[in-house]
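Input: a single structure, listed below in structure tokens.
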Amino acid sequence: MAGPRPIVLCGPSGAGKSTLVKKLMKDYEGIFGFSVSHTTRTPRFGEENGKDYHFITREIMEWGINQGDFIEYTEFSGNMYGTSKTSIQDVQSKNLICILDIDIQGVLNIKKTNLDPIYISIQPPSLDILETRLRNRKTETEESLQKRLHAAKIDMNADTQLFDAVIINDDLDRAYEDFTNVIFSLESPIEHYIYVVI
Ligand code: ADP
Ligand code: 5GP
């Protein structure tokens, strides 16, 4: 796939990935594009179909997987999630730097492809703080919250060697500074790209 290297974000649900990505895309408008995943989970209040996710049924998702439409997919907390080839192409065709927000299984699967992204892990300061943030977000039932905390324990013990950078999201401003520093300093054409665009 041509163009600048995509950026893969991974980390427990509630670690702050969406918060960081939304701020980045607002601060650097016209530079980054979000790869809109497909999922079988129910939309949360305020989520838009086609913007946050493509919300589809399990039947349609499985059909797409069988057709070879997905570069990677996973089962997380009782729902399917996946990145379609079209989602990445949509971003890259606009000459934007593609950002993916995927779980650890997705990272392992993307590593088997030729996408060659930069891998960034976003981690919470602790499991307790993660739980507080997830509860305060008020998006989960007790059951889905427990599933996310269970998955988080695995995520927080993942091999850091899988990533180009690991960012601890304690203070949001500091984490965002680390995030932009990583993106603009890692071996990638991004700095050059922004220079050219501006
Ligand atoms: P993710 O996309 O990784 O699931 P979110 O970006 O939705 O996580 O963040 C989870 C919740 O934590 C949100 O309600 C968000 O506002 C809040 N949050 C994110 N970063 C911080 C931070 N550094 N300090 C306190 N709350 C945070
Ligand atoms: P949420 O339901 O909180 O939006 O997402 C749950 C988890 O699914 C998060 O860890 C998120 O990174 C992951 N996820 C979202 N989209 C994808 C995807 O397309 N592929 C994979 N592998 N994981 C995804």
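The values are calculated or read from the model by the stated rules, or taken from the named source; none is laboratory data. Just so we're clear, the structure is a prediction, and the values are computed from it rather than from any experiment. Glycine gets a Cβ as well: all are built from the backbone with ideal geometry, and neighbour counts include every protein chain shown.
Please find, among Ile110, Ile104, Ile99, Ile122, the residue that is under 22 Å from Tyr81 (Cβ atoms) and in contact with a Lys or Arg (Cβ under 6 Å, 6 or more places away or on another chain). Before the answer, list the steps.
Values: Ile110 fails: in contact with a Lys or Arg (Cβ under 6 Å, 6 or more places away or on another chain); Ile104 fails: in contact with a Lys or Arg (Cβ under 6 Å, 6 or more places away or on another chain); Ile99 fails: in contact with a Lys or Arg (Cβ under 6 Å, 6 or more places away or on another chain).
Every option except Ile122 fails the conditions.
Number of residues in segment 12-48 that are among the β-branched types (Val, Ile, Thr) and within 18 Å of Met61 (Cβ to Cβ) equals 4. Scanning segment 1-30 for residues that are among the β-branched types (Val, Ile, Thr) and surrounded by fewer than 18 Cβ atoms within 10 Å (Cβ to Cβ) returns a single hit, Thr19. Please state which of the following conditions Arg58 fails to meet, knowing it meets all the rest: (1) within 16 Å of ligand 1 (Cβ to nearest atom); (2) under 22 Å from Ser144 (Cα atoms); (3) of a type in the set (Lys, Arg). Of (1) within 16 Å of ligand 1 (Cβ to nearest atom); (2) under 22 Å from Ser144 (Cα atoms); (3) of a type in the set (Lys, Arg), only one is false for Arg58: (1). Where strands (runs of 3 or more DSSP E) fall entirely within segment 1-104, none has at least 2 residues that are away from ligand 2 (no atom under 16 Å from the Cβ) and touching a residue at least 12 places away in the same chain (Cβ under 8 Å).
Which residue is nearest to ligand 1 (Cβ to nearest atom), if the candidates are limited to segment 105-135 and must be part of a helix (DSSP H, G or I) and of a type outside the set (A, V, I, L, M)? If you could, list the steps in order and put the result at the bottom.
Looking only at segment 105-135, we keep the residues that are part of a helix (DSSP H, G or I), and these are 105-110, 127-135.
Subsequent filtering for residues that are of a type outside the set (A, V, I, L, M) retains 105-106, 109, 128, 131-133, 135.
Numbers: Gln105: 16, Gly106: 14, Asn109: 19, Asp128: 13, Glu131: 11, Thr132: 8, Arg133: 4, Arg135: 9 Å.
Here the answer is Arg133.
Considering only residues in segment 82-120 that are small (Gly, Ala, Ser) and within 14 Å of the chain's Cα centre (by Cα), the one that is surrounded by the most Cβ atoms within 10 Å (Cβ to Cβ) turns out to be Gly82. Of the residues examined, Asn49 is not one that is among the polar types (S, T, N, Q) and more than 17 Å from the chain's Cα centre (by Cα). The one condition from (1) surrounded by 13 or more Cβ atoms within 10 Å (Cβ to Cβ); (2) in a helix (DSSP H, G or I) that Ile167 does not meet is (2). Every listed requirement among (1) over 16 Å from the mean Cα position of the chain (by Cα); (2) modelled with pLDDT of 95 or more is met by Cys10 save one, (1).
Which is within 15 Å of ligand 2 (Cβ to nearest atom), under 11 Å from Ser121 (Cα atoms) and either of a type in the set (D, E, K, R) or modelled with pLDDT of 95 or more (or both), of Asp159, Asp155? So that I can check it myself, show each step before the final result.
Numbers: Asp159 fails: within 15 Å of ligand 2 (Cβ to nearest atom).
When all the criteria are applied, what remains is Asp155.
Within segment 69-81, being within 16 Å of ligand 1 (Cβ to nearest atom), surrounded by 22 or more Cβ atoms within 10 Å (Cβ to Cβ) and more than 12 Å from the chain's Cα centre (by Cα) holds for no residue.
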